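Report on the following structure.
The values are calculated or read from the model by the stated rules, or taken from the named source; none is laboratory data. Only a predicted model underlies this, so the values are computations on that prediction, with no experimental measurement involved. Because the Cβ atoms are built from the backbone with ideal geometry, glycine has one as well, and the counts that use them run over all protein chains shown. Keep in mind that these areas ignore ligands, DNA and RNA; they rest on the heavy atoms of the full protein, side chains included. Shrake-Rupley method; radii C 1.70, N 1.55, O 1.52, S 1.80 Å.
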Amino acid sequence: MKPSEVLRVSESLKLVGRPIAYYPVIANVVGSVVATVFLCQFLYWQGKENKENGGWIYKTMEEIKEETGLSRSEQETARKRLKELGILEEKREGLPARLFYKFNWEKLDELIYQHYLNNAPKEGDVANK
């Protein structure tokens, strides 16, 4: 097979869709890779929320699955973890009921900063020498 006959990786990636950003440090902060993938996808939507409804975002589980690859149970696990940390609020509205999300980005900032303080090299550490 000639190189010109093979679908190049760069071309095949165009067929599978766009990637999502993932920050490993956030996984350390929230304690879950799945919750981080969920959260990072909504970071993409930050600033695009409907300001008229107080910043709540509506996304179906199916839309989230298409965007992230996370199954229903993975999404539920992620949402539970983020709610425990005070990063995520949810509400159901309408008939039929739809699930809306709101993120407390300030809380995430606090947790990241605390993680940084807890893990920053201390004076006298080998890394500072």
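Before moving on, here are some points about what is shown:
- Across the range 96-110, the number of residues qualifying as closer than 16 Å to residue 26 by Cβ and either hydroxyl-bearing (Ser, Thr, Tyr) or open to solvent by 70 Å² or more (accessible area, probe 1.4 Å) (or both) comes to 3.
- From 33, 16, 25, 29, residue being of a type in the set (A, V, I, L, M, F, W, C), open to solvent by 30 Å² or more (accessible area, probe 1.4 Å) and at pLDDT 95 or above: 33
- Scanning the range 48-95 for residues that are acidic (Asp, Glu) and in a helix (DSSP H, G or I), we see that the one that is most open to solvent (accessible area, probe 1.4 Å) is 52.
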